[in-house]
Every structure is written in structure tokens, then in C-alpha cells.
Amino acid sequence: MQSVELRQRPTLKQWILTHDERWSFILCYLGLAVILSVCISLFWLVVVVGLHGTLEWICQRSEDACAQSGVILSRVAWALKLDISLILFALALGVYMEIIMGMAGIGAATRAGVQGAKGGARFLVWEKALRAMLLSLDDLAQVLRVLLRKTASPKTEGEAECAESLSQPDAPFVSAETGRSWRDAWSTGDWFCMIFGAACLLMIGISPWVTGHGLSGVLRLIGAELHPWP
């Protein structure tokens with residue numbers, strides 16, 4: 001019973017070390033990632049990911065206090081690969097948004113001034129709605145990752161006690177996956193994150209020619225996306 005109470009009332013350190021498996025962190029993180037990036041700018045998405053990186057640094061350092069900073073940094077980057085892919089995806093989405101909206105005829109109508117101020121307002125509404133929907137797909141992937149990790153967690157001799165503790169709304173599903181790096185065997189999820197991030201990076205790289213904005217135009221778009229205030 002005492003161990004169950006400790007799980008129900010984790011200390012700050014315990015919460016940090018198992019933050020990836022706690023609904024309190026997951027829901028707060030995903031909510032802030034979508035709301036701040038959609039309603040304000042991608043700058044705040046980078047801030048949220050940076051805060052997540054700080055928690056991961058604490059976890060990795062707690063796991064291996066003797067590891068060099070470069071090793072810890074590589075492990076943190078590996079742990080945040082899905083978060084980094086989300087940032088690259090959001091930047092690519094911002095660079096190609098005009099083309100995406102133009103394919104729907106909204107951007108073209110707005111540029112031509114057919115609908116005037118109403119057309120511009122409608123363009124912004126559709127842009128924010130589309131951005132929120134696409135960014136939410138990545139967040140859904142994070143939720144599924146946690147649920148799959150819970151389902152695949154191995155059974156132990158304390159299964160009954162763990163089941164009781166996991167019934168709590170903020171109980172950790174499994175211990176945090178610390179100490180992993182890109183040198184370890186890649187899972188299907190690892191391959192997906194890396195391929196997805198590489199594809200987003202490639203799309204950003206070729207965007208000056210695909211969008212017709214040129215290098216300076218793309219850099220201005222990215223700079224606008226990463227500005228703290230819209």
C-alpha cells in the first residue's frame with residue numbers, strides 16, 4: 001500500500017523522471033503545442049519543445065551521471081526526435097501553406113481581391129483550421145505511442161499492484177525510456193520519425209524552387225513563423 005501511495009503522490013523528481021508516461025504532462029504538452037503554435041506562432045512551439053528537452057536532460061543525467069555532455073545531448077535529441085519532426089513539419093506547412101490553400105482556390109481568390117477583406121479573413125480562418133488539424137495528427141501519434149507502450153509493457157510479479165496504481169489518472173504507465181540513442185536498434189516508430197523528419201527537411205530545402213519564393217522569400221516566411229508574436 002505504501003508503494004501505491006508513492007505512485008499516487010509522486011515527488012517532483014519522480015514526476016520528471018516519468019513525465020513521458022504521465023497524462024498530466026502529455027495532455028498539457030500536446031495542448032500547449034497546438035494552441036500556442038496555431039493561435040500565436042511556431043516560436044512558442046519551439047519553447048515548449050525546449051522545456052520538454054530540459055526534462056529529458058534531467059532524466060538522462062539521472063540515468064547516467066558520469067556520461068559526457070555530448071552523449072547526454074545526443075540521447076536528448078533522440079528522445080525528442082518526434083518533437084523535432086513536428087517543428088520541421090510545422091515550418092514546412094508554413095512555407096507551403098499558400099500553395100495548399102491555393103489548391104483549394106482560397107488563396108487565389110484572396111490574392112485576386114475577389115472577396116476583399118472577407119476573403120482575407122476567410123483565408124486566415126481556413127489556414128488556422130488546416131494548421132490545427134495537421135498539427136493535431138502528430139500529437140495523436142504521440143498519444144498512440146504512449147498507449148502502445150502501455151499495452152506492450154512486460155508483466156511483472158507485482159502486476160496486481162501495478163494495475164491498481166495505473167488506475168489512477170496520473171499514474172506512470174511504464175518507466176521512462178532513458179539511456180537510448182540512435183546507436184541502439186531502431187523500432188518501427190523510430191524509423192517513421194526519422195523518415196518523416198527527413199521528408200519535412202527535404203521539403204523545406206527544395207521550397208525556394210517549388211514555391212517560387214526564392215531563398216530570401218522562404219527565409220522571410222520561416223522568420224515570420226518563428227517570430228514570437230504574429
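Looking across 165, 181, one residue alone is at pLDDT below 85, in contact with a helix residue (DSSP H, G or I) (Cβ under 6 Å, 6 or more places away or on another chain), within 30 Å of residue 24 (Cα to Cα) and outside any loop (DSSP other than H, G, I, E, B). It is 165. Can you find a residue that is over 17 Å from residue 93 (Cβ atoms), part of a helix (DSSP H, G or I) and open to solvent by 50 Å² or more (accessible area, probe 1.4 Å) anywhere in region 206-213? Scanning region 206-213, I find at least one residue that is over 17 Å from residue 93 (Cβ atoms), part of a helix (DSSP H, G or I) and open to solvent by 50 Å² or more (accessible area, probe 1.4 Å), so the answer is yes. Counting only residues that are among the small types (Gly, Ala, Ser) and open to solvent by 10 Å² or more (accessible area, probe 1.4 Å), region 22-40 holds 2 of them. Filtered by the rule that a residue be out of contact with any Phe, Trp or Tyr (no Cβ under 8 Å at 6 or more places or on another chain) and crowded, with 20+ Cβ neighbours inside 10 Å, region 66-79 gives 75, 79. Residues that are charged (D, E, K, R) and free of Cβ contacts under 8 Å to residues at least 24 places away in the same chain within region 61-98 comprise just one, 61. A count restricted to region 22-60 and to residues that are within 21 Å of residue 74 (Cα to Cα) and touching a residue at least 60 places away in the same chain (Cβ under 8 Å) stands at 3.
Remark: residue 76 matches the filter, which requires a residue to be modelled with pLDDT of 90 or more and of a type outside the set (Gly, Ala, Ser).
The values are calculated or read from the model by the stated rules, or taken from the named source; none is laboratory data. Quick caveat: nothing in here was measured; it's all calculated off a predicted structure. So basically every Cβ, Gly included, is an ideal-geometry build from the backbone, and we count neighbours across all protein chains shown. The protein model used for the area step is the full one, side chains on, heavy atoms only, and it has no ligands, DNA or RNA in it. Shrake-Rupley method; radii C 1.70, N 1.55, O 1.52, S 1.80 Å.
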